[in-house]
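Some notes on the structure that comes next.
Throughout, read-outs are computed from the coordinates displayed, never taken from laboratory work. Everything numeric in this text was worked out from a predicted model, so none of it was measured. All Cβ positions, glycine included, derive from the backbone under ideal geometry; neighbour counts span all protein chains shown.
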Amino acid sequence: MRILVTGGAGYIGSVSVEAFLAAGHDVTVLDDLSTGHRAAVAEGATLEVGTYADSRAVAQLLERRQIDAVLHCAAKSLVGESMVDPAKYFRENVGGGIGLLEGMRLAGVKRIVLSSTAATYGMPERTPILETDPVRPINAYGESKRCVEAAITWYGHGYGFRSVILRYFNAAGASRLFGEQHAPETHLIPAVLIAAEESREMTIYGDDYPTADGTCVRDYIHVEDLAAAHLLALVATDAGDPRTGPTSGPCQPVICNLGNGNGFSNREIVAAAETIVGHAIPVKIGPRRAGDPAVLVASAERAGRELGWHPRQGNLENVIGSAWEWRRNHPSGYAD
Ligand SMILES: NC(=O)c1ccc[n+]([C@@H]2O[C@H](COP(=O)([O-])OP(=O)(O)OC[C@H]3O[C@@H](n4cnc5c(N)ncnc54)[C@H](O)[C@@H]3O)[C@@H](O)[C@H]2O)c1
């Protein structure tokens, strides 16, 4: 396949690009480098620096590179920022997302896999969360993703776009070459590892949740398992594949959660990280953050059934260990 990866210079995108190249695909990355890194684009991929929001430029790129299918990984994804600056999220993720879809329509490329999120569910009523559960985001980030999901659904109905929408839970871990480097770092595992490196105190937000140890419980999915899911999803968008619709006429997205189905509390993450780094990581308890559900755990049963996807690196030792190894091998992070 000839694949376009938007956001291929970012954390999840970079590991996926590496996996697609290893599987023999031709990969073009479209990234504006706003939160990504030039050095995170694997050798062998073609990097085009620019925005996916520009329909005409996207259409030209798709035609020039003869792209078959798009993995739309790029987005703004800071929950807190989305609450104080929602316009950015509607402009970038929603407006930009429509720009991308229009570029695809202009070029006649109708296969897309979307990086969506558990944040679309908001405060879940039960756990593990099923794809059929209500989608009621409680932050502008989750809402912006829900809007893109809706646009893709209607482009399927009206124009025959074939799509897979993947709702990730917490991505974590690293490949040997590519890992997570965000500024600010809002994700728990890299934040714990940074605290370990810098011998600083780590803040856990709230220890009075209705969970076994009072701290929030999340489902961590290894970034290489996500990459494998992306490839299976891209294959499912093939014109002859009945999972994403008939050969002509309206198509419906396949929507799948991606998680391990296991929850780990914040305290369990810190304890596991202490074992891996070999020393104690001091923790202080801060106030709860608005909009943090107590437990977010996926049922990924549908991804297994529909895509044949089964996470292989679910244990915490792999997830945290690979992130730690990447940090140790890249002590200054990416060069740019
Ligand atoms: N990291 C997680 O735990 C997680 C969980 C659920 C969903 N997601 C989703 O997965 C995707 C990737 O997340 P990530 O953690 O790798 O983020 P990231 O910030 O590391 O990567 C996003 C990439 O998109 C690029 N980008 C942003 N706006 C762009 C634009 N207008 N045009 C071109 N490129 C642009 C950035 O430069 C960056 O390289 C996002 O869509 C995010 O919403 C991530």
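Summary table below
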item	result
For the chain, with +1 on Lys and Arg beta carbons and -1 on Asp and Glu, the positive-most of V283, S34, N329 along the dipole	S34
Span from the segment 246-323 Cα centroid across to the segment 143-181 one, whole angstrom	16 Å
Contour excess over end-to-end distance, with Cα ends at R2 and S34 and 0.36 nm allotted per residue	9.1 nm
Computed FRET value (nearest 0.05) for A290 with L130, which takes r as the C-beta separation and R₀ as 22 Å	0.30
Magnitude of the charge dipole, segment 230-336, Cβ model with Lys/Arg +1 and Asp/Glu -1, debye to 20	320 debye
17 Å tail of the calculated P(r), segment 120-166, as % of Cα pairs	41 percent
Principal axis dimensions, the chain - Cα atoms, whole angstrom, descending	56, 43, 38
Pairwise FRET efficiency - A22 versus E301, Cβ, R0 = 35 Å, nearest 0.05	0.80
Over segment 192-336 - Rg/Rh using Cα atoms and the Kirkwood inverse-distance radius	1.07
Alpha carbon convex hull of segment 37-102, projected area averaged over orientations, nm²	5.2 nm²
Reachable lysines, given that their alpha-carbon falls under 21 Å from the alpha-carbon of K76 and they are not under 8 places away in the same chain	K88, K145
Convex hull volume of segment 87-243 per residue (C-alpha atoms, cubic angstrom)	160 Å³
Segment 81-238, dipole about Cα centre (Lys/Arg Cβ +1, Asp/Glu Cβ -1), debye to the nearest 20	880 debye
Charge dipole magnitude, Cβ of K and R +1, D and E -1 - the chain, Cα centre, debye nearest 20	680 debye
Residue (of A172, Y205, C216) at the positive-pole extreme of segment 135-228, dipole from beta-carbon charges	A172
Gain in span if fully extended, Q60 to Y334, counting 0.36 nm per residue against the direct Cα distance	95.6 nm
DSSP-defined beta bridges in the chain - what % are antiparallel, rounded to 5	5 percent
